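Contents: one structure, followed by commentary.
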Amino acid sequence: MKIRGSLTATAVRLGLAAAALAGALACGTVAPATAAPERIQGCGWNESRGGERAYYEHCATNTNVWIQVKRWPRGDYHRCVGPGRTNLDLDATGAWYDSTYQGGLCSHPGDTGP
């Protein structure tokens with residue numbers, strides 16, 4: 001079936017579908033000006049901000065791992081962390097997963113090592 005000369009019904013439907021999709025995408029990506037920014041928890045080391053302590057976010061759900069915690073002026077140490085958020089020392093300046101320390105995996109969150 002022809003509509004307006006060379007356009008077919010299929011071409012018209014495709015054009016309308018593309019316009020509807022573009023409109024939906026444009027509306028879906030615009031945030032209201034009054035909306036508060038969503039807080040995103042990042043995996044791994046998270047600095048202290050706004051009076052909140054620094055923490056390590058372990059994003060896996062089925063393992064406990066060893067992390068190395070860097071502190072200043074005190075020395076660094078290893079700590080076993082489970083899934084989720086682990087608050088760190090007030091003087092922590094960094095933390096990362098340490099796959100070389102006792103194989104990287106641990107059994108008891110809260111355990112510490114040198």
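Laid out as a table, the results:
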item	result
Packing rank of 62-71, 81-90, 96-105, where each peptide gets the mean count of other beta carbons within 10 Å, highest leading	62-71, 81-90, 96-105
Inter-probe distance in nm under a simple model that places probes 7 Å from Cα toward Cβ, at His108 and Asp76	2.5 nm
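Every read-out reported here was derived from the displayed coordinates using simple, explicitly stated rules and does not represent laboratory data. As the structure is a prediction and not an experimental result, all values here were calculated from the model. Neighbour counts are summed over all protein chains in view; Cβ atoms, including those assigned to glycine, are modelled from backbone coordinates with ideal geometry.
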